[in-house]
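First comes the structure, then the notes that go with it.
The values are calculated or read from the model by the stated rules, or taken from the named source; none is laboratory data. Everything numeric here is computed off the predicted structure, so don't read it as measured data. Cβ: placed from backbone, ideal geometry, glycine included. Neighbour counts: every protein chain shown.
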Amino acid sequence: MITLAEITDVTGEPGNFQVEVTRRPRFVDTEKCIACGLCAEKCPKKVDDEYNEKISKRKAVYIPYAQAVPQKYAIDADNCIYLKSGKCGACEKFCPAGAINFEDKPQTVNLNVGAIILSPGFAAFDPTGIRTWGYGEFKNVITAMEMERILSASGPTEGHLVRPSDKKEVKRIAFIQCVGSRDLNKSRNGYCSSVCCTYAIKQAMMAKDHVKDLEASIFFMDMRTHGKEFERYYERAKGLGIEFKRCRVHSLEPVSETSDIYFRYIDDCGRQLETQYDLVVLSVGLCTPPSAMELAYHAGVELNENRFVESSSFDPVATSRPGVFSCGAFSGPKDIPQTVMEASAAAADATRLLAGARNSLTRTKEFPPEIEVASDEVRIGVFICHCGTNIAGVIDVERLARYAETLPNVAHVGRNLFTCSQDTQDIIKNAIRDKGLNRVVVAACTPRTHEPLFRETLKSAGLNEYLFDMANIRNQDSWVHAAEPERATEKAMDLVRMSVAKVGLLTPLPSISVPVNQAALVIGGGISGMVSALELADHGFHVSLVEKANVLGGQARHLFRTWKGELIEPALQELDARVRSNPLITLHLESTVGSAEGFVGNFKSTIVRGKDSRVVEHGATIIATGGQGYVPEGEYLFGTSSRVFTAIEFDKLRMVGDRRMKQAKNYVFIQCVGSRCEERMYCSRVCCTHSVQAAIELKESSPAGEVFVLYRDMRTYGQREELYRKAREKGVVFIHYEAHQMPKVRPLEPRRLEVEVFDHILHEPLRIVTDIVVLATAITPNAATAELADIYKLPVDADGFFQEAHAKLRPVDFAADGIFMAGLAHCPKPVDESIAQAKAAAGRAVSVLAGSSIDLEATKATVVNANCDGCAMCLDVCPYKAISLVSEEEAGGKRNARVEVNLAQCKGCGLCQATCPKDGIYVAGFSLEQIAAQVEAALAG
Amino acid sequence: MSEQVKGSVLIAGGGIAGMQAALDAANSGFYVYLLERRAAIGGKMAQLDKTFPTNDCAM
Amino acid sequence: MSFEPKIIGFTCNWCSYAAADLAGVSRMQYPHNVRLVRVMCSGMVHPRVVSQAFEMGADGVLVMG
């Protein structure tokens, strides 16, 4: 990791680039800095803190934020008094570690790498100086990034929603959407920033959480909640009483006496209205910062007119320069899950080029040999985390520490501002060494996120990683008893006592690893499945590709063009040919997966083709089984009239030159057919763009014809917005309708239909005579989803799509290790995003397959041979079939039966432990004795 | 394409995208240089309070 | 003084313990009387441990999973 560094030149070719990196001086030696903060305390120079969006101050020597990595200070040369004038040097005088180095100079580092990934991110649009919003002029008009910091418990107001001018608690708040997006007048950004609608909803919700009777309004043009689960989120916000006003805001003016903001707007009925708010938040868009444009220049990568990296839909993370990839908001505005998918895809594509050099430059982490502690006297170290103020703001940590010192076997107690920080790991390691600790308790957040980190610390101190326990005094204490500090402290004392009681009984557990079968199974031969299979094969792994139809291509076979206008069919044909000719891909057409067993590294799936079935063994699984188009159930005369089609039928008929299409002049598109309704409370993401694109083509081929699009919210997100603008310029008529006033379609005369829609501007029903009605139908899950969910025991969401492990951070992983998803089986998405996810899924699978073995948790069922008499009751309850019965001959010729555990299959659930009547089996680290000790300690207070 | 292929990847930008790419590339057996323009990695996401639609903490 | 029950909760690492964490993330406030014991599955809690908890003075036991 190299901080304060930028690329200044790239030469060479894919596989072997020479990169010149310029490192700005930090003026703090990171080897010596112990992050004690004395330098910042003594520094006399106050500077606007950019982490808190300049709402608060930091010093000229600073750490960017509390959890920063690396946890090291830096001097801001633009503001340091010493570096500017040669006077001061307070930090140098007071630094106990001698880490300040004013002589630090810029350095040029030359790196030799095989591939480059660019992920410089975005900058929030700066609305300063634009008259309409008065930002920078009126104190109570802020940007969403400032709002984000104000809402944060670790922010400048500690999460209290007060306004900047007079610190008054906010009672009425307004959000203005599309600030610096979809606007070529006040900004240069014609595109939609894609994330602001949902983040405004989030901020409004969080704000209401902070101030109970808060009135919150969101002023928007189209509400674009097109992501997975976003529509439900929008509905929830409406249910919470957040007001959504579809309108254009005309101007903001301060109400002089009170510093409230006076608001003028025109509502969707064309009425001019006025109101007043305490605080106005501008939902600023995303744009490429100058530093990222510099990066593009130095890396030799071209940007488009929106200043984003231009890429093909079929190669979404590639750039104009081979061997250089991009991901995240650098290639267009997008949300976190999409960014994470692209990041995994970029890693997959970058390393695909270098597959031959895998493991050539990496080193495995070496840990010191384990110290033998089993027979030693128990010496426990307790480390109490303040978590900034998250814990210390509620719990009396000093009292807790004093109490911990009195507990049996506790040899050391320490307190840390952030126990998870890098320097605290060193503190823990040193304490283990210096105080001879052989058990460690950390009282902090939750083991679910931080146990792995601390275990690693134990390992690097030479202690077995299982001699550890966490007391959850944040998530399950300070956060849930914030109003009762006394009670929370007592509870923390109990929790620490419970952990101390347990950890004293823990014994070292040996590490377990299982071999990995370095092959993959990809289920689904649509565009996602094909891309995943090829990516894996290019990385050098064998792939079995299963497709239930007798052809490859899936839903993409019905599609005409991507939103960027690329033809889909030729791309599909090329993929098809590459899949069929790749020697590492075994294709199973007209096949399905009938059953499966196993776990990460070692799956066995049965592929069924007619009456034949065969078992394939594989280390990783990708599920890309797609979705299907919603078939309208009689809505809008579908199925009755021969002139009402779904969007896919419409594309097909136009492609084959159907007579109805040739003769038609007028077209009406109806959006959200089967989407955003009670049965399917989600947006299908692709339909708005498709209708707009089709409407443009119709207008271009016959400008005299009339094309209408009836929509609820036009969701041409990201750079797709340009299509919407173009369609309006071409004269396509867009009419908004509400869910409670759905359009009606009636037969009029032979070959003609009448569509009635309530026009909000005219305030009366509008009747349109048309030749063709096109229904923008939903994308729904298909039958394979439920079947595979059953076979691989995978979760599906409320809409019937597969549920990822984490909505933001793990959008391609299942919670179960070694299984990944891509494409429509996850949620509705267009071709480019399916391909990005398919590459990401392959990349994630490569990270499983790259090693020849995987380390497993040592928390496994363990048989007590002396107690087990082979009654086999545990065999029946084990959900993973990990236990088997064995018999062995004793010295006297007597046969002895007992059970045995397959450690790779055992998940450590302990059903066996609860079933065994003779204490013949227990789960290491969770034995009944250890659990009982915790209960006893809990009740001892 | 070079004949002398290096088993290393340079990633410019240490936000959520760069971090994820770095983890994936490293876990797949490649040496990673993660470059960050600022004094610490984390990017914009580290500035966010909560994330939609689950309202999970962004940190 | 009013009765303050002592409740022991056995919570599964994958669901109810995670839910208790999430309650914290959402800043839900609840009574302080319950002490949670993390287990890898609620199924590992032997009935004997439940009766032991009562013997040791628990007023209530929750097994959540």
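Answer yes or no as to whether A:GLU635 is surrounded by fewer than 21 Cβ atoms within 10 Å (Cβ to Cβ), acidic (Asp, Glu) and either farther than 30 Å from A:GLN741 by Cα or at pLDDT below 95 (or both). Yes. If you go through segment A:353-404 and keep only what is basic (Lys, Arg), in contact (Cβ under 8 Å) with a residue 12 or more places away in the chain and within 14 Å of another protein chain (Cβ to nearest Cβ), you end up with just A:ARG358. The residues of segment C:37-61 that are small (Gly, Ala, Ser), out of contact with any strand residue (DSSP E or B) (no Cβ under 6 Å at 6 or more places or on another chain) and more than 7 Å from chain A (Cβ to nearest Cβ) amount to a single one, C:SER51. Here C:GLY60 fulfils each of the conditions (1) of a type in the set (Gly, Ala, Ser); (2) over 21 Å from A:THR859 (Cα atoms); (3) buried (at least 22 other Cβ atoms within 10 Å of the Cβ) apart from (3).
Conditions (1) facing another protein chain (nearest Cβ under 10 Å); (2) in contact with a strand residue (DSSP E or B) (Cβ under 7 Å, 6 or more places away or on another chain); (3) at pLDDT 95 or above, marked per residue:
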{"position": "A:HIS450", "(1), (2), (3)": "no, yes, no"}
{"position": "A:GLN476", "(1), (2), (3)": "yes, yes, yes"}
{"position": "A:TRP479", "(1), (2), (3)": "yes, no, no"}
{"position": "A:ALA488", "(1), (2), (3)": "yes, no, yes"}
{"position": "A:LYS491", "(1), (2), (3)": "yes, no, yes"}
{"position": "A:LEU495", "(1), (2), (3)": "yes, yes, yes"}
{"position": "A:PRO515", "(1), (2), (3)": "no, yes, no"}
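Scanning segment A:610-632 for residues that are part of a strand (DSSP E or B), buried (at least 18 other Cβ atoms within 10 Å of the Cβ) and among the β-branched types (Val, Ile, Thr) turns up A:VAL616, A:THR621, A:ILE622, A:ILE623.
In summary, C:SER16 fulfils each of the numbered conditions (1) within 22 Å of A:PHE926 (Cβ to Cβ); (2) facing chain A (nearest Cβ under 10 Å); (3) not hydrophobic (A, V, I, L, M, F, W, C) with the single exception of condition (2). Checking each residue in segment A:451-474 for being touching a residue at least 40 places away in the same chain (Cβ under 8 Å), under 22 Å from A:SER927 (Cβ atoms) and under 27 Å from the mean Cα position of the chain (by Cα) picks out no residue at all.
Looking at A:ASP396 and the list (1) in contact with a helix residue (DSSP H, G or I) (Cβ under 6 Å, 6 or more places away or on another chain); (2) charged (D, E, K, R); (3) within 27 Å of B:GLY18 (Cβ to Cβ), which single condition is not satisfied? Here A:ASP396 meets the rest and fails (3). Against the definition (crowded, with 18+ Cβ neighbours inside 10 Å and without any contact (Cβ under 8 Å) to a residue 60 or more places away in the chain), how does A:SER847 come out, yes or no? Spelling it out, A:SER847 is indeed crowded, with 18+ Cβ neighbours inside 10 Å and without any contact (Cβ under 8 Å) to a residue 60 or more places away in the chain. Summed over segment A:366-409, residues that are surrounded by fewer than 22 Cβ atoms within 10 Å (Cβ to Cβ) and among the β-branched types (Val, Ile, Thr) total 5. At least 1 residues being crowded, with 20+ Cβ neighbours inside 10 Å and touching a Gly at 6+ places or on another chain (Cβ under 9 Å) is the threshold, and among the strands (runs of 3 or more DSSP E) wholly inside segment A:183-279 those reaching it are A:215-220, A:248-255, A:260-266.
Number of residues in segment A:286-311 that are touching a Pro at 6+ places or on another chain (Cβ under 7 Å) and either free of Cβ contacts under 8 Å to residues at least 12 places away in the same chain or surrounded by 20 or more Cβ atoms within 10 Å (Cβ to Cβ) (or both): the value is 3. Pull up segment A:16-40, narrow it to residues that are at pLDDT below 95 and on the phi > 0 side of the Ramachandran plot, then point me to the one that is farthest from the other protein chains (Cβ to nearest Cβ). Within segment A:16-40, the match that is farthest from the other protein chains (Cβ to nearest Cβ) is A:GLY37. Residues that are within 19 Å of A:LYS881 (Cα to Cα) and of a type in the set (A, V, I, L, M) do not occur anywhere in segment A:570-592. For segment A:833-873, filtered to residues that are in a loop (DSSP other than H, G, I, E, B) and among the acidic types (Asp, Glu), the residue that is nearest to the other protein chains (Cβ to nearest Cβ) is A:GLU857. Hey, among the residues in segment A:240-265 that are modelled with pLDDT of 85 or more and closer than 19 Å to A:ARG712 by Cα, which one's farthest from the other protein chains (Cβ to nearest Cβ)? So the residue we want is A:CYS247. The sole residue among A:LYS54, A:LYS72, A:LYS87 that is more than 14 Å from chain B (Cβ to nearest Cβ) and of a type outside the set (A, V, I, L, M) is A:LYS87.
Within segment A:816-832, being part of a helix (DSSP H, G or I) and either surrounded by fewer than 24 Cβ atoms within 10 Å (Cβ to Cβ) or in contact with an Asp or Glu (Cβ under 7 Å, 6 or more places away or on another chain) (or both) holds for one residue alone: A:ASP832. The residues of segment A:183-207 that are without any contact (Cβ under 8 Å) to a residue 40 or more places away in the chain, over 20 Å from A:THR288 (Cα atoms) and more than 10 Å from chain B (Cβ to nearest Cβ) amount to a single one, A:ALA204. Screening B:ALA17 on (1) out of contact with any strand residue (DSSP E or B) (no Cβ under 7 Å at 6 or more places or on another chain); (2) more than 7 Å from every other protein chain (Cβ to nearest Cβ); (3) under 20 Å from A:SER291 (Cα atoms) shows it passes everything except condition (2). When segment A:585-609 is filtered for residues that are outside any strand (DSSP E or B) and either modelled with pLDDT under 95 or aromatic (Phe, Trp, Tyr) (or both), the ones remaining, listed by number, are A:VAL600, A:GLY601. Segment A:13-109 holds helices (runs of 4 or more DSSP H) entirely within its bounds, and those carrying 1 or more residues that are in contact (Cβ under 8 Å) with a residue 60 or more places away in the chain map to A:38-42.
With closer than 30 Å to B:VAL32 by Cβ, charged (D, E, K, R) and surrounded by 20 or more Cβ atoms within 10 Å (Cβ to Cβ) as the only criterion, which of A:ARG363, A:ARG352 stands out?
Only one candidate qualifies: A:ARG352.
When restricted to residues that are among the hydroxyl-bearing types (Ser, Thr, Tyr) and at pLDDT below 95, segment A:83-117 contains 1.
Condition check ((1) of a type in the set (Asp, Glu); (2) touching a residue at least 60 places away in the same chain (Cβ under 8 Å); (3) facing chain C (nearest Cβ under 9 Å); (4) in contact with a Phe, Trp or Tyr (Cβ under 9 Å, 6 or more places away or on another chain)) across all residues:
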site: A:ALA891; (1), (2), (3), (4): no, no, no, no
site: A:ARG895; (1), (2), (3), (4): no, no, no, no
site: A:ARG898; (1), (2), (3), (4): no, no, no, no
site: A:LEU903; (1), (2), (3), (4): no, yes, no, no
site: A:GLY910; (1), (2), (3), (4): no, no, yes, yes
site: A:THR915; (1), (2), (3), (4): no, no, yes, no
site: A:VAL923; (1), (2), (3), (4): no, yes, yes, no
site: A:PHE926; (1), (2), (3), (4): no, yes, yes, no
site: A:GLU929; (1), (2), (3), (4): yes, yes, no, yes
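Check segment A:633-646 and report whether any residue there is out of contact with any strand residue (DSSP E or B) (no Cβ under 7 Å at 6 or more places or on another chain) and assigned to a strand (DSSP E or B).
Just the residues of segment A:633-646 that are out of contact with any strand residue (DSSP E or B) (no Cβ under 7 Å at 6 or more places or on another chain), to begin with: A:633-634, A:639-640, A:642.
Then drop every residue that is not assigned to a strand (DSSP E or B), which leaves none.
No - not one qualifying residue is present in segment A:633-646.
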